[in-house]
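Only one structure is covered here, and it is reproduced in the block below.
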Amino acid sequence: MKALKYILPAMVLATAGFTACDDIEAIDPEVVTPAYTYGPQYYQDLRDYKASDHEIAFGWFAEYGPQNSMAVRFMGLPDSLDICSLWGGIPTKPDVVEEMRFVQKVKGTKMLVVAITRIDAETDDKPFKPLYNEGRAEGDQEKINEAIRQYAEYFLDQIFLNDLDGFDADYEPEGNYLSGEPFMVFYRHLAQYLGPNPDITKEERRELIRERYGDEMANREGICDKLLCIDGHNLSSCEPYSNYFFCQSYGGGTGSQSGWPDRKIVHCENVGDNWKGNLQGLYNQASWKPASGRKGGFGAFFIHRNYNVTETNIEPYYHFRRCIQIQNPAIH
């Protein structure tokens, strides 16, 4: 935790530097002040902090691309962001991928694939869908379950083949078949490869990865430690297999969640719709402490909207960075 004394003050300077550059460039491209360059020790401290046992800062990030504004670029995100869900999809443009890799590998921010998990909504050209349709038409539960497992593998491939850090399953079935026990078939299959599954050893997991992705992948450092998280409705049967429950506590709600230990709960505010306000709900969630132990952390939907400068958000990510300080005060 001592790494905080290096990370958080420097993070403020980093974001301020980006703001200054954006402002100057908009006026006169020939007098741009170079962004401050941090040394290896800063980034090592940053990675050490994120690897430590602490309450995390989390965000769903979207609208990113090769634009000039740091508001929609990975390098504009707060340095001390622990986990980022890729709500805008997996980047494919080389310059965007390069920025994401720097934030992921050098700054240590974990990047998660995220999807609203509704198998009925998937198009029929997906490899698992014909078997699913056939199983539903015939009432054949084994065919349905096999299709559901293939649906899980569809996401596993996105994670492993793109060198990402895990999966954020958005559980909002809204009448979809993948609800309750069918969803657990899906989630338990993911849990063979991801998350803190109590029913499988790391050696067994590594062999499954080896069988599906080969020796080189199976031998990578940390390959057995990818995250499995859930958001949306509370399905507490997922708890043993989950690193975190990203609770959509929009409006600033806090408190324990049935079936979940507090240390796995990350309450999240809707910054996307409320970015013009004072984001008091975000502060409530950052400062909330359980009666005993600690919470998982706090988070924001459409975190990038807090980049926008407003009457109360006096510099990019002012509110979010203050909440990081409230949750994990820097040591002076």
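The values are calculated or read from the model by the stated rules, or taken from the named source; none is laboratory data. In this text, all values refer to a predicted model and were calculated from it rather than measured experimentally. All Cβ positions, glycine included, derive from the backbone under ideal geometry; neighbour counts span all protein chains shown. Keep in mind that these areas ignore ligands, DNA and RNA; they rest on the heavy atoms of the full protein, side chains included. Shrake-Rupley method; radii C 1.70, N 1.55, O 1.52, S 1.80 Å.
A few points about this structure:
- Relative to the longest principal axis of the Cα atoms of the chain, the long axis of helix 129-138 makes an angle of roughly 40 degrees.
- Counting only lysines at least 8 places from Lys202 when in the same chain, those with an alpha carbon closer than 16 Å to its own are Lys226.
- Rel. contact order, % - alpha carbon contacts under 8 angstrom, at least six apart, the stretch 150-220: 25 percent
- Summing Cβ point charges (Lys, Arg +1; Asp, Glu -1) relative to the Cα centre of the stretch 246-332 gives a dipole of roughly 300 debye.
- The chain - percent relative contact order, Cα under 8 Å, separation 6 or more: 17 percent
- Shape call, the stretch 57-96: gyration tensor on alpha carbons, a/c limit 1.5: oblate
- The stretch 228-245 residues near the modelled Asp120 label - backbone nitrogen below 15 Å, point 7 Å along Cα→Cβ: none
- Helix content alone sets the calculated 222 nm mean residue ellipticity of the chain: runs of n ≥ 4 DSSP H residues at -39500 (n - 2.57) each, divided across all residues, give -11500 deg cm²/dmol.
- Per residue, the accessible area of the chain comes to 44 Å² when a 1.4 Å probe rolls over the protein heavy atoms.
- Percent of alpha-carbon pairs separated by more than 12 Å within the stretch 269-315: 62 percent
- Environment charge at Glu174 (Cβ cut-off 13 Å; Lys +1, Arg +1, Asp -1, Glu -1): -2
- Annotation: the antiparallel percentage among DSSP beta bridges lying fully within the chain is about 0.
- Size of charge dipole - the chain - debye, nearest 20, with Cβ of Lys, Arg +1 and Asp, Glu -1, no other charges: 1100 debye
- Among the listed pairs Lys50/Lys264; Lys107/Lys289; Lys110/Lys295; Lys107/Lys264; Lys110/Lys276, a Cα-Cα separation exceeding 25 Å is found for Lys107/Lys289; Lys110/Lys276.
- Extending 7 Å from Cα along the Cβ direction at Ile90 and again at Gln257 yields two label points whose distance is 2.5 nm.
- For the stretch 303-320 and the stretch 40-111, distance of Cα centres in Å: 17 Å
- Around Lys93: net Lys/Arg minus Asp/Glu count, Cβ-Cβ under 13 Å: -1
- Cα gyration tensor category, rounded, prolate or oblate, for the stretch 212-332 with a/c compared to 1.5: prolate
- When the chain is described by a simple charge dipole with +1 on each Lys and Arg Cβ and -1 on each Asp and Glu Cβ, the residue from Phe160, Ala51, Asn306 located farthest towards its positive end is Ala51.
- A simple spin-label model places the labels of Glu63 and Lys289 3.5 nm from each other, with each point 7 Å out along Cα-to-Cβ.
- Shape call, the stretch 34-136: gyration tensor on alpha carbons, a/c limit 1.5: prolate
- The apolar share of the surface of the chain, taken as the fraction of accessible area on carbon and sulfur atoms (1.4 Å probe, ligands and nucleic acids excluded), comes to 51 percent.
- Of every Cα-Cα pair in the chain, the percent that sits beyond 31 Å: 34 percent
- Sorted peptide list for 78-84, 91-97, criterion being average Cβ within 10 angstrom, highest first: 78-84, 91-97
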